[in-house]
Amino acid sequence: MKQNILVIGQGGREHAIAWKISKSPKVQNVFVCPGNAGTALEDNIENIDIDISDINSLLDFVKKNNIFMTIIGPENPLVDGIVNEFSEQGLKIFGPTKEHAILEGSKVFSKEFMKNYGIPTSDYEMFSDKTQAKSYISTKKHPIVIKADGLAAGKGVVVSSSIEESNDAIDKLLSAHHSDFIIVEEFLSGQELSAIYICNYKGCTYEIGLPWTKDYKSRDEYNSGPNTGGMGAVSHPLSYGHKNEIYKLYQDIEKILVKTINGINDYNKESNIKYLGFLYIGLMIDSANKIKVLEYNCRMGDPETQNLMLTLENKGIDFLDMILNDPITNIQDLNIANFDQDSKGYCCTIVLAAKGYPESYAKGFYIDMRNIIENENIKIFHAGTTLDDNKICSTGGRILTVNAYAENKEKAINIAYENIKKIKVFQDKNMSIENNNLVFFREDIGG
Ligand code: AMP
Ligand code: GLY
């Protein structure tokens, strides 16, 4: 029997997950709550209009529409306990409970957790007092990193290069708006890597590693400008000369994964509930190939997911099978598979953002992408968009991604840039006043 799936969320990540799930032969209908213009325009996906914090209405919808499984995109509902509520009613939901999602929900928890379970991470101190925090940083070498404790939608981390900037960050982050605690940590340099796992119903020895990706976090070229949610992504970014080096990294990352899963399950051992859902380990690899964990997320990354879903589609892999860990499909580790092929395929994801993002930016302008011909190698995933009389209207800072998959890196990057440049932006709904200055994208994704 074909199944109905509900995806919770409204960003590019959720458009990509819903699109890929809708291609599974096991799926009847995909609903997205609340979705965006991209999900509204897909043939076999339907947006539903329920406030995602209204759990009772969501539960009602799931029961009435015979939803086989709910997949959670963003972190907030997880940290707030949506999985606990669904599970109490016996409903199938893919995501960790709030007791497990604390790995992402609190930076203080995650740093203590890493220390307790022997997981490599940068040195840090925790503060709840501004004067003490400022006195500490005044003795420290810069750059230094200051992080708010709780969820902050990508706005809770400041990489500071001067004492003045650090003092401002402390004032901003250690405040009623943000958080009662901050972490001040050692700055790490090197290559960032997003290692995302599907931790499934079979338990902790059956995690499936999605291909590594790299996210471009800073707003501007050459890693300058403020941190954002991510301005682009590429697949299997490690390009070392020798397979052995990558294999060694692979083993080190696996060790971190196992320690993390065993640790969080140990922390929750009284409830006897295991980690279920996506686990995103944000890593930094230094020039000596030493790995440290930058962060945990208990969900997939955005825009990494957009990159991954187009990759899986091109590799003919059913994402739902991965989540359900269907033994018939026998999915091999995709990172190991990538070591061995010269023509392993490459995916490039570029974010189109509103000028001013991640600070204040304009919304409510119109996007024309009719010049882009989508096919199995080129796919647009929407993020901050809505339909206004069938026109695509911007509603957020990150508006959409253009994703291109090709047999090699150069080709994928070229196709992605060729296509994103075809997008036109208009100030007005009649689409007569063209103003492409309302948007921007990074010019160096993949570089
Ligand atoms: P987080 O939410 O902790 O991952 O931080 C967001 C981003 O800030 C990371 O993806 C990195 O680009 C950057 N970042 C965080 N911690 C560090 C660190 N200790 N050293 C250098 N960059 C960092
Ligand atoms: N792209 C980084 C994140 O989703 O946290």
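The values are calculated or read from the model by the stated rules, or taken from the named source; none is laboratory data. This structure is a prediction, so every number in the text was calculated from the model and none was measured. Heads up, the Cβs are rebuilt from the backbone with ideal geometry, glycines too, and the neighbour counts pull from every protein chain shown.
Restricting Ile146, Ile183, Ile198 to residues that are in a strand (DSSP E or B) and near ligand 1 (Cβ under 9 Å from one of its atoms) narrows the list to Ile183.
Looking at Glu410, Glu376, just one residue is surrounded by fewer than 24 Cβ atoms within 10 Å (Cβ to Cβ) and in contact (Cβ under 8 Å) with a residue 40 or more places away in the chain, and that residue is Glu376.
One residue alone among Ser224, Ser189 is loosely packed, with under 14 Cβ neighbours inside 10 Å, under 19 Å from Lys155 (Cα atoms) and more than 14 Å from ligand 2 (Cβ to nearest atom), and that residue is Ser224.
Find the residue count for the range 51-110, including only residues that are β-branched (Val, Ile, Thr), in contact with a Cys (Cβ under 9 Å, 6 or more places away or on another chain) and within 16 Å of ligand 1 (Cβ to nearest atom). Adding up the residues that qualify gives 2. Annotation note: Cβ proximity below 6 Å between a residue of the range 216-233 that is over 15 Å from Met284 (Cα atoms) and a residue that is in a loop (DSSP other than H, G, I, E, B) and of a type in the set (Asp, Glu) (sequence gap 6+ or interchain) occurs for Glu221/Glu443; Glu221/Asp444. Looking across the range 130-143, just one residue is touching a residue at least 24 places away in the same chain (Cβ under 8 Å) and surrounded by fewer than 12 Cβ atoms within 10 Å (Cβ to Cβ), and that is Ser138. Any residue at all in the range 191-211 that's touching a Ser or Thr at 6+ places or on another chain (Cβ under 8 Å) and among the acidic types (Asp, Glu)? So far as the range 191-211 goes, no, none of its residues is touching a Ser or Thr at 6+ places or on another chain (Cβ under 8 Å) and among the acidic types (Asp, Glu). Scanning the range 350-370 for residues that are among the hydroxyl-bearing types (Ser, Thr, Tyr) and either closer than 26 Å to Ile413 by Cβ or touching a helix residue (DSSP H, G or I) at 6+ places or on another chain (Cβ under 6 Å) (or both) turns up Tyr357, Tyr361. Looking across the range 279-310, the residues that are at pLDDT below 95 and away from ligand 1 (no atom under 15 Å from the Cβ) come down to Ala288, Asn289.
Among all residues of the range 33-45, there is at least one that is modelled with pLDDT of 95 or more, closer than 18 Å to Glu376 by Cβ and either in a strand (DSSP E or B) or within 16 Å of ligand 1 (Cβ to nearest atom) (or both). Determine if the range 347-368 includes at least one residue that is free of Cβ contacts under 8 Å to residues at least 12 places away in the same chain and basic (Lys, Arg). Among the residues of the range 347-368, not one is free of Cβ contacts under 8 Å to residues at least 12 places away in the same chain and basic (Lys, Arg), which makes the answer no.
Look through the range 227-255, keep the residues that are within 16 Å of ligand 2 (Cβ to nearest atom) and of a type in the set (S, T, N, Q), and return whichever of them is nearest to Ala412 (Cα to Cα). For the range 227-255, the residue satisfying everything is Ser235. Taking the range 275-291 as the range and being closer than 29 Å to Ser24 by Cα and either surrounded by fewer than 20 Cβ atoms within 10 Å (Cβ to Cβ) or more than 16 Å from ligand 2 (Cβ to nearest atom) (or both) as the test, the residues that pass are Tyr275, Leu276, Gly282. When the range 84-127 is filtered for residues that are part of a strand (DSSP E or B) and under 21 Å from the mean Cα position of the chain (by Cα), the ones remaining, listed by number, are Ile93, Phe94, Thr121. Of the candidates Asp321, Asp333, the single residue that is closer than 23 Å to Pro237 by Cβ, at pLDDT below 95 and either within 16 Å of ligand 1 (Cβ to nearest atom) or acidic (Asp, Glu) (or both) is Asp333.
Please determine whether any residue of the range 292-310 is more than 16 Å from ligand 2 (Cβ to nearest atom) and either assigned to a loop (DSSP other than H, G, I, E, B) or surrounded by fewer than 20 Cβ atoms within 10 Å (Cβ to Cβ) (or both). Yes, because at least one residue in the range 292-310 is more than 16 Å from ligand 2 (Cβ to nearest atom) and either assigned to a loop (DSSP other than H, G, I, E, B) or surrounded by fewer than 20 Cβ atoms within 10 Å (Cβ to Cβ) (or both). When we screen Met126, Met114 for residues that are closer than 22 Å to Lys292 by Cβ, among the hydrophobic types (A, V, I, L, M, F, W, C) and surrounded by fewer than 17 Cβ atoms within 10 Å (Cβ to Cβ), the only hit is Met126. Of note, Met322 does not satisfy the criterion of being assigned to a loop (DSSP other than H, G, I, E, B), in contact (Cβ under 8 Å) with a residue 24 or more places away in the chain and closer than 30 Å to Ser87 by Cα. Taking residues in the range 413-440 that are touching a residue at least 40 places away in the same chain (Cβ under 8 Å), and partners anywhere that are of a type in the set (Phe, Trp, Tyr) and surrounded by fewer than 18 Cβ atoms within 10 Å (Cβ to Cβ), not one pair has Cβ atoms closer than 9 Å while being at least 6 places apart or on different chains. For the range 211-221, a residue qualifies if it is within 25 Å of Lys344 (Cβ to Cβ) and more than 14 Å from ligand 2 (Cβ to nearest atom), and exactly one does: Pro211.
Exactly one residue among Ala153, Ala176, Ala148, Ala169 is under 17 Å from Lys130 (Cβ atoms), loosely packed, with under 15 Cβ neighbours inside 10 Å and among the aliphatic types (A, V, I, L, M), and that residue is Ala176. Evaluate the following for Ile182: is it at pLDDT 90 or above, surrounded by fewer than 19 Cβ atoms within 10 Å (Cβ to Cβ) and either within 16 Å of ligand 2 (Cβ to nearest atom) or of a type in the set (Val, Ile, Thr) (or both)? Taking the combined requirement at face value, the residue does not satisfy it.
Residue pairs whose Cβ atoms lie under 8 Å apart, separated by 6 or more positions or on different chains, with the first residue in the range 168-179 and charged (D, E, K, R) and the second surrounded by 14 or more Cβ atoms within 10 Å (Cβ to Cβ) and part of a loop (DSSP other than H, G, I, E, B), are Lys172/His178.
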